[in-house]
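The values are calculated or read from the model by the stated rules, or taken from the named source; none is laboratory data. Being a predicted model, the structure only gives us computed values, none of them experimental. Positions of Cβ are backbone-derived with ideal geometry, glycine not excepted, and every protein chain shown enters the neighbour counts. Accessible surface is based on the protein model in full, side chains and every heavy atom, while ligands, DNA and RNA are left aside. Shrake-Rupley method; radii C 1.70, N 1.55, O 1.52, S 1.80 Å.
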Amino acid sequence: MLRLYRAPFSTNVERVALALAHKGLDVESIEISYEDRSPVVEVSGQPLVPVLVDGDEVIPDSTRIMRHLEERYPEPPLFPRDPARRAELDVFLEWFNEVWKLAPNTIEDELEREHPDHERVAALGAQMRAWLDVFEELLDGRDHLFGDFSAADCAAFPFLKFGKLRDPADDELFHRILEEHLQLDGGHPRLSEWIDRVNERPRV
């Protein structure tokens, strides 16, 4: 039995929840609180979720978990079989994690300062809104970001969904930042439809 350590409203946990459901895998969920991260620290040596335990293997980090699932449980796939298309998806994941996410993460850090630089926040927010066009173009003639449902959709959806969806009980600053700077306002119809489409998919 797979075990997944998770926390409420975690975007990175939702990535893995979508991936596991896509592959039809049964999993035991262990929910931690942000006030007491000791269960996940005990099993993985670090405090962040998600962490997947698969037999003797302990895998932290949502992207690493998706790659592990693809290797161990290849059907149905989350990554293209064609090497060139797999490389394109790998580049997208790196861009999303290391470049796209930098803007909202930096806004959060700035807003938590005693004297935030609001001009910097505005500039980063404008960058986030401009990047909505990238996703809109990726969805031209496609139901999902790379054609078939894939790790790209798992990686991006839990963040981009805040352009039109947020649980009223979710008051995390990072998620309020996403909601504020990703509002679609009718200007990205393909992206809006994609959010609805992926939101209908099962999660574990």
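Scan region 38-77 for residues that are outside any helix (DSSP H, G or I), open to solvent by less than 80 Å² (accessible area, probe 1.4 Å) and touching a residue at least 12 places away in the same chain (Cβ under 8 Å) and report the count. First the steps, then the outcome.
Going residue by residue through region 38-77, those that are outside any helix (DSSP H, G or I) are 45-61, 73-77.
Still in the running and open to solvent by less than 80 Å² (accessible area, probe 1.4 Å): 45-47, 49-55, 57-61, 73-74, 76-77.
Restricting the remaining residues to those that are touching a residue at least 12 places away in the same chain (Cβ under 8 Å) gives 46, 49-54, 58, 60-61, 73, 76-77.
Within region 38-77, residues that are outside any helix (DSSP H, G or I), open to solvent by less than 80 Å² (accessible area, probe 1.4 Å) and touching a residue at least 12 places away in the same chain (Cβ under 8 Å) number 13.
Pick from region 171-185 the residues that are acidic (Asp, Glu) and in contact (Cβ under 8 Å) with a residue 40 or more places away in the chain: which of them is farthest from Glu108 (Cα to Cα)?
Initially, region 171-185 is screened for residues acidic (Asp, Glu), giving 171-172, 179-180, 185.
When the remaining residues are screened for being in contact (Cβ under 8 Å) with a residue 40 or more places away in the chain, the result is 172, 180.
Working: Glu172: 10, Glu180: 12 Å.
Filtering region 171-185 for residues that are acidic (Asp, Glu) and in contact (Cβ under 8 Å) with a residue 40 or more places away in the chain, the one farthest from Glu108 (Cα to Cα) comes out as Glu180.
Given the condition open to solvent by 70 Å² or more (accessible area, probe 1.4 Å) and touching a helix residue (DSSP H, G or I) at 6+ places or on another chain (Cβ under 8 Å), answer yes or no: does some residue in region 144-158 qualify? I'd like the intermediate steps shown before the answer.
We begin by selecting, within region 144-158, every residue open to solvent by 70 Å² or more (accessible area, probe 1.4 Å); these are 148.
Now narrow it down to the ones that are touching a helix residue (DSSP H, G or I) at 6+ places or on another chain (Cβ under 8 Å): none.
Scanning region 144-158 turns up no residue that is open to solvent by 70 Å² or more (accessible area, probe 1.4 Å) and touching a helix residue (DSSP H, G or I) at 6+ places or on another chain (Cβ under 8 Å).
Exactly one condition in (1) in contact with a helix residue (DSSP H, G or I) (Cβ under 7 Å, 6 or more places away or on another chain); (2) assigned to a helix (DSSP H, G or I) is false for Arg166; which is it?
It is condition (2) that Arg166 fails.
I'd like to know if region 123-143 contains one or more residues that are open to solvent by less than 80 Å² (accessible area, probe 1.4 Å), of a type in the set (Val, Ile, Thr), free of Cβ contacts under 8 Å to residues at least 24 places away in the same chain and part of a helix (DSSP H, G or I).
Taking every residue of region 123-143 in turn, at least one turns out to be open to solvent by less than 80 Å² (accessible area, probe 1.4 Å), of a type in the set (Val, Ile, Thr), free of Cβ contacts under 8 Å to residues at least 24 places away in the same chain and part of a helix (DSSP H, G or I).
Looking at Pro80, is it touching a strand residue (DSSP E or B) at 6+ places or on another chain (Cβ under 8 Å) and open to solvent by less than 60 Å² (accessible area, probe 1.4 Å)?
Details: touching a strand residue (DSSP E or B) at 6+ places or on another chain (Cβ under 8 Å): yes; open to solvent by less than 60 Å² (accessible area, probe 1.4 Å): yes.
Yes.
Scan (1) open to solvent by 50 Å² or more (accessible area, probe 1.4 Å); (2) in a helix (DSSP H, G or I) for the single condition Glu114 breaks and write down its number.
That leaves (2) as the condition not met.
Sort out which residues of region 73-87 are farther than 16 Å from Gly24 by Cβ and of a type in the set (D, E, K, R), and write them in order of number. Break it down into steps so the answer makes sense when it comes.
Going residue by residue through region 73-87, those that are farther than 16 Å from Gly24 by Cβ are 79-87.
Across region 73-87, the qualifying residues are Arg81, Asp82, Arg85, Arg86.
Checking Asp109 against (1) surrounded by 18 or more Cβ atoms within 10 Å (Cβ to Cβ); (2) without any contact (Cβ under 8 Å) to a residue 12 or more places away in the chain; (3) in a helix (DSSP H, G or I), which single condition isn't satisfied?
Evaluating Asp109 over (1) surrounded by 18 or more Cβ atoms within 10 Å (Cβ to Cβ); (2) without any contact (Cβ under 8 Å) to a residue 12 or more places away in the chain; (3) in a helix (DSSP H, G or I) leaves (1) as the failure.
Quick check on Val99: is it at pLDDT 95 or above, farther than 17 Å from Arg67 by Cβ, part of a helix (DSSP H, G or I) and out of contact with any Leu (no Cβ under 8 Å at 6 or more places or on another chain)?
Numbers: at pLDDT 95 or above: yes; farther than 17 Å from Arg67 by Cβ: yes; part of a helix (DSSP H, G or I): yes; out of contact with any Leu (no Cβ under 8 Å at 6 or more places or on another chain): yes.
It is true that Val99 is at pLDDT 95 or above, farther than 17 Å from Arg67 by Cβ, part of a helix (DSSP H, G or I) and out of contact with any Leu (no Cβ under 8 Å at 6 or more places or on another chain).
Residues checked against (1) touching a strand residue (DSSP E or B) at 6+ places or on another chain (Cβ under 9 Å); (2) at pLDDT 95 or above; (3) closer than 22 Å to Ala19 by Cβ; (4) surrounded by 15 or more Cβ atoms within 10 Å (Cβ to Cβ):
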| residue | (1), (2), (3), (4) |
| --- | --- |
| Pro168 | no, no, no, no |
| Ile177 | no, yes, no, yes |
| Gly186 | no, no, no, no |
| Pro189 | no, yes, no, no |
| Val198 | yes, yes, yes, yes |
